[in-house]
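Here is the structure we will look at, set down as structure tokens.
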Amino acid sequence: MAEAVAGVGIEPAIKEIKLKGTLTGSFDMIAKRLSALQMFSLKANPDSLVLARVESRNIQKQPFLFFIITITNGNITVDYSVGMDTSEKIRKLFVLKNLIAVLSLITDLYQAENTELFQNMDSAIDDVLNSISQQYSSLFNNYDSLFNKYREIKRLNIELTNANKNLAAQASILSQKNAEQGEALKQLETFSDESLMAMVEEWIDSHDGAIDINEFAGNYKLTPPRVEQILNKMVSLGYIELKG
């Protein structure tokens, strides 16, 4: 049966699993029950039911990886292919897993010999576990360690992100306060007319009755127009007189 499905020139090796079983329903009933499994193609015969699953094909479009479950009143046979680059032990475990999935859907229509099924599954699991080398064990241990570090780094990243948001909010508040304080300081540094007039009088008294507008403005960090404004006001009020 396997050769008929596989076709001529198939490369993978063909293996077989055989279990005892008893038909308690009918093949038509089983076929109807399993028809919803789109991964399989089904064929009901008077004395058997065949389920075939093709997982991959070669460049000639012939089945490459596949398994075929043949159910009769007395036996269940599974023929499956194993690729040259595939682990035979893992492949067997995969096929058994699928077989159990199928049998679990027809427990009221077909009774498989549980002892043989369990022995096959136990043997397959044991073979896979024993084939895991120390290198793989170390790899998995390293993975667990790295995963734990990743989770810790992710946690710290969340904390730092939240802290950064808080700092950004605080910086915005401080920037606003700084701007307000700067404006207040600027206002404090702006001399009133009365203060400027007193400063001008003091300057004139200490500079032989004269004032250089640019020098005075530079000394007190004022603009020349502001100095001219206060001088004109002082002249109009009679506080000083223009000469020359």
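The numbers here are math on the coordinates, done by the rules we state, and not lab data. These figures come from a predicted structure and were not determined experimentally. Neighbour counts are summed over all protein chains in view; Cβ atoms, including those assigned to glycine, are modelled from backbone coordinates with ideal geometry.
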Original post:
In debye to the nearest 20, how big a dipole does segment 54-140 give about its Cα centre with +1 on each Lys and Arg Cβ and -1 on each Asp and Glu Cβ?
Top reply: 380 debye
Original post:
When the helices in the chain are scored as -39500 (n - 2.57) per DSSP H run of 4 or longer and the sum is shared across all residues, what 222 nm value do you end up with, to the nearest 500 deg cm²/dmol?
Top reply: -19000 deg cm²/dmol
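With +1 on each Lys and Arg Cβ and -1 on each Asp and Glu Cβ, how big is the dipole of the chain about its Cα centre, in debye rounded to the nearest 20? Walk me through the numbers on the way to the answer.
Numbers: 24 positive and 31 negative charges, 388 e Å.
About 1860 debye.
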Subject >> Over the chain, relative contact order from alpha-carbon pairs under 8 Å, at least 6 apart, % >> reply: 15 percent
Original post:
Want the number for residue 158 to residue 220: 0.36 nm per residue separation, take away the alpha-carbon distance, what's left?
Top reply: 17.1 nm
**OP:** Enter the per residue convex hull volume of segment 67-165, computed from alpha-carbon coordinates, in Å³ rounded to the nearest integer.
**Re:** 179 Å³
**OP:** Taking the Cα centre of segment 193-236 as origin, sum charge times position over the Cβ atoms of Lys and Arg (+1) and Asp and Glu (-1), and report the length of that vector in debye to the nearest 20.
**Re:** 240 debye
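Round to the nearest 0.05 the FRET efficiency obtained for residue 116 and residue 28 when R0 = 30 Å and r is the Cβ-Cβ distance.
0.70
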**OP:** Give me the lysines in straight-line cross-link reach of residue 92: C-alpha distance below 22 Å, same-chain residues under 8 apart excluded.
**Re:** 15, 18, 20
**OP:** Could you go through segment 73-87 in sequence order and give the Karplus-derived ³J(HN,Hα) for each residue, using 6.51 cos²θ - 1.76 cosθ + 1.60 with θ = phi - 60°, rounded to whole Hz, and x for Gly and Pro?
**Re:** 7, x, 8, 10, 10, 10, 9, 9, 9, 10, x, 5, 9, 10, 6
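Once you've got the Cα coordinates, tell me which of 177/233; 149/177; 221/243 are over 32 Å apart. List each step's numbers first, then the result.
Values: 177/233 36 Å; 149/177 41 Å; 221/243 26 Å.
Distance filter (> 32 Å) returns 177/233; 149/177.
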**OP:** Considering the options 35, 157, 237, tell which one lies farthest towards the positive end of the dipole of the chain, charges being +1 on Lys and Arg and -1 on Asp and Glu at the Cβ, about the Cα centre.
**Re:** 35
**OP:** Give the value in nm², to one decimal: projected area of the alpha carbon convex hull of segment 193-236, averaged over all directions.
**Re:** 2.7 nm²
Subject >> Pairwise FRET efficiency - residue 86 versus residue 141, Cβ, R0 = 22 Å, nearest 0.05 >> reply: 0.30
Original post:
Convex hull volume of the Cα atoms in segment 2-132, per residue, in Å³?
Top reply: 100 Å³
Original post:
Roughly what % of Cα-Cα distances in segment 103-244 sit above 21 Å, to the whole percent?
Top reply: 74 percent
Subject >> Descending principal axes extents, the chain, alpha-carbon based, whole Å >> reply: 134, 42, 40
